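The values are calculated or read from the model by the stated rules, or taken from the named source; none is laboratory data. Quick caveat, the model's predicted, so the values are computed rather than measured. Methodologically, a virtual Cβ is constructed for each residue, glycine included, from the backbone with ideal geometry; neighbour enumeration extends over all protein chains shown. Please note that ligands, DNA and RNA were not included when accessible areas were found on the heavy atoms of the full protein model with its side chains. Shrake-Rupley method; radii C 1.70, N 1.55, O 1.52, S 1.80 Å.
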Amino acid sequence: MTLCDAAGLFEANSPQTVPGDEWFYEHVHLNFDGNYQLARAWAEQVEKLLPGTATNRAAGDWAPQALCERRLGLTDWNRSAVLADVLRRLGEPPFVDQLNHTQQVATVRSPLARSAPTGEQGGRSAST
């Protein structure tokens with residue numbers, strides 16, 4: 001059995017050890033950056049359980065987020081769809097009654113406006 005200290009990971013990489021918008025859309029749902037960081041932390045834990053011959057790379061030599069997103073087929077269309085869904089959820093309880101509701105909505109609307117997909121599901125590859 002192995003453990004992955006997600007709380008510790010996000011605390012250690014957050015301003016004043018308080019995870020926020022850099023990792024989450026709201027109180028619990030990870031954004032794309034948060035998902036990558038958590039997936040990588042899990043991969044690092046799993047790697048410790050594998051025999052040395054099971055990997056063909058140097059320890060700790062992980063693909064950067066942009067490459068992972070490209071290989072997974074993440075496009076601007078996908079990003080926009082996720083952001084639109086998050087924005088829809090933020091318009092419902094319990095989010096509408098939270099003190100930081102306006103800031104949460106603005107945080108999601110900003111990248112949504114920048115991504116502006118072409119309307120095709122294929123869209124462009126993620127560039128981040």
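Numbers below:
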item: Test: residue in the stretch 120-127 that is open to solvent by 40 Å² or more (accessible area, probe 1.4 Å) and modelled with pLDDT of 85 or more; result: no
item: Condition check for E47: of a type in the set (D, E, K, R), open to solvent by less than 60 Å² (accessible area, probe 1.4 Å), within 23 Å of P111 (Cα to Cα) and free of Cβ contacts under 8 Å to residues at least 60 places away in the same chain; result: no
item: Identity of the residue in the stretch 56-105, surrounded by 16 or more Cβ atoms within 10 Å (Cβ to Cβ) and in contact (Cβ under 8 Å) with a residue 60 or more places away in the chain, that ends up farthest from V28 (Cα to Cα); result: Q65
item: All positions within the stretch 9-27 that are part of a helix (DSSP H, G or I) and either in contact with a helix residue (DSSP H, G or I) (Cβ under 9 Å, 6 or more places away or on another chain) or touching a residue at least 60 places away in the same chain (Cβ under 8 Å) (or both); result: L9, F10, E11, T17
item: The stretch 28-44 - residue that is assigned to a loop (DSSP other than H, G, I, E, B) and closer than 19 Å to L112 by Cα and, of those, least open to solvent (accessible area, probe 1.4 Å); result: N31
item: Selection within the stretch 50-95 - closer than 18 Å to S110 by Cβ and among the aliphatic types (A, V, I, L, M); result: A81, V82, L83, A84, V86, L87, L90
item: Top-ranked residue of the stretch 6-27 - restricted to ones that are charged (D, E, K, R) and in contact with a Ser or Thr (Cβ under 8 Å, 6 or more places away or on another chain), ranked as surrounded by the most Cβ atoms within 10 Å (Cβ to Cβ); result: D21
item: Failed criterion for P117 (all others in (1) in a loop (DSSP other than H, G, I, E, B); (2) modelled with pLDDT under 95; (3) out of contact with any Asp or Glu (no Cβ under 6 Å at 6 or more places or on another chain) hold); result: (3)
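Yes or no, residue by residue, for (1) at pLDDT 90 or above; (2) farther than 29 Å from D97 by Cα:
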{"position": "A12", "(1), (2)": "yes, yes"}
{"position": "Q16", "(1), (2)": "no, no"}
{"position": "E22", "(1), (2)": "yes, no"}
{"position": "Y25", "(1), (2)": "yes, no"}
{"position": "G34", "(1), (2)": "yes, no"}
{"position": "Q37", "(1), (2)": "yes, yes"}
{"position": "A41", "(1), (2)": "yes, yes"}
{"position": "E47", "(1), (2)": "no, yes"}
{"position": "P51", "(1), (2)": "no, yes"}
